[in-house]
1. If residue 144 passes every condition in (1) modelled with pLDDT of 85 or more; (2) part of a helix (DSSP H, G or I); (3) crowded, with 19+ Cβ neighbours inside 10 Å but one, which one does it miss?
2. What residue, among those in region 147-188 that are in contact (Cβ under 8 Å) with a residue 40 or more places away in the chain, part of a loop (DSSP other than H, G, I, E, B) and among the small types (Gly, Ala, Ser), is nearest to residue 53 (Cα to Cα)?
3. Answer yes or no as to whether residue 249 is under 17 Å from the mean Cα position of the chain (by Cα) and at pLDDT below 95.
4. Run residue 191 past the list (1) modelled with pLDDT under 85; (2) more than 24 Å from residue 418 (Cβ to Cβ); (3) part of a loop (DSSP other than H, G, I, E, B) and report the number of the one that doesn't hold.
5. Of the residues that sit in region 43-92 and are basic (Lys, Arg) and touching a residue at least 40 places away in the same chain (Cβ under 8 Å), which one is nearest to residue 137 (Cα to Cα)?
6. Yes or no: residue 212 at pLDDT 90 or above, among the aliphatic types (A, V, I, L, M) and buried (at least 21 other Cβ atoms within 10 Å of the Cβ)?
7. List the helices (runs of 4 or more DSSP H) that sit entirely inside region 11-96 and contain at least 3 residues that are at pLDDT below 85 and under 26 Å from residue 235 (Cβ atoms).
8. So which of 230, 258 ends up being within 21 Å of the chain's Cα centre (by Cα), not β-branched (Val, Ile, Thr) and not in a helix (DSSP H, G or I)?
Amino acid sequence: MARADRPALTPVTGDGPPSAESARRAVEALWRIESARIVGALARYTGDFALAEDVAQEAVAEALVGWARDGVPANPVGWLLTTARRRAVDAFRRRAARDARYAVLAGQLAEGTDGSSAGDLPWDPDRIDDDVLALMFVACHPVLSAEARLTLTLRVVGGLSSAEIARALLVPVPTVQARITRAKKTIAAAQVPFALPEPAQRRERLGAVLTVLYVIFTEGSTATSGDRLLRPDLAYEAIRLARTLAALLPAEPEVHGLLALCELTAARFPARVDADGAAVLLTDQDRRRWDRSAIRRGVAALARAVAPGRGLGPYGLQAAIAACHATAGSVEQTDWARVVLLYEALGRVAPSPVVELNRAVAVAMADGPLPALALVDQVAATGRLAGSYLLPSVRGELLARLGRHGEARTELESAARCCRNDRERAVLLRKVDALGG
């Protein structure tokens, strides 16, 4: 998201000091929006990936106390950067072997503590060698395991907490914390430089980077938990990074495929929630509210993914499915037969139980609920979605369409118990109520 589109944080004013709660909300909002740029800027200044995140967290902790006492500063990002950089200087001061680097960093610090100087905003969001993109490639270095790359990038680039990452990846919180700690130690031990890698190395790490962008966007488009269906701050940051990546690697079809998927999915955001934030199902959405500019951008990106003639990859195929929805005049006018074929192709390229579940939904729209229910039961038999609300929610919907209301009610109630997002849970409970006793 362009910086101009981001919500501004205004200083707290009034007769007395702000509350600890208002300071906490201000810090959380700022961290959600700017954490990756803050850590990226600090990593560039210090050359130490692990130290950058550590001092950023120290600055956040200090802000929670200081802003509750003094109010939110006029330049909150600059305040955090200045505070974090001072903590970095303190750390280097304690390392006698790094006196020269300490002197350089100390000389860069602006006078005062409010972070109001122009030097405290060291990024240009339109620059190809974006600090955040460099941060992502560092976090996706091949010295790390696939799990560590994803976890670390979600932490330092996506700004997700350990609990949020654990829910997104379906692993325990201690596992996430251990992965982050090991990953930062590995990067430090391998002396991975903070910089965009050379072109050949970029392609080597591209798959991991795309996976991370996809997971960040997915969390933004349907939050795993909480009282909001959408987290547009995450979603639009993933889109911004995907655009930057597409400019950096214009010949990579899957980069354009992912960008197309994100644009076409985000185009429906304005109609996915009502004025109160409640979820609106696809069948009930006012398609006049869909973002036509985003649809055009998505279709154009999909065309670039198709152009090389090598066939679509997993992200391109998902984008093609999203295009079927985005360009249809209504649910009834959607080319469901094509959607089924695209899901079949996706299942061969990137097999997963979620893909099969989505294929079953498309089959239900194209051929009716009975053949779709057979597909869902096949997924259930594998046990791979045990504990997920997705399987019972789809099965309950199909059973309701078949008139098997008692079974449908049981499935939907089970789905509601498993669902951690309040808005999605409310939709499931409305469906339960609609079935009656």
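1. Failing condition for residue 144: (2).
2. 159
3. No.
4. (1)
5. Step one: filter region 43-92 for residues basic (Lys, Arg), giving 44, 69, 85-87.
Adding the requirement that they be touching a residue at least 40 places away in the same chain (Cβ under 8 Å) leaves 44, 69, 85.
Working: 44: 13, 69: 38, 85: 23 Å.
Looking at residues that are basic (Lys, Arg) and touching a residue at least 40 places away in the same chain (Cβ under 8 Å), I get 44.
6. no
7. 20-46
8. 230
The values are calculated or read from the model by the stated rules, or taken from the named source; none is laboratory data. Keep in mind that this is a model prediction, so the values were computed, not measured. We place every Cβ from the backbone using ideal geometry, glycine too, and count neighbours over all the protein chains shown.
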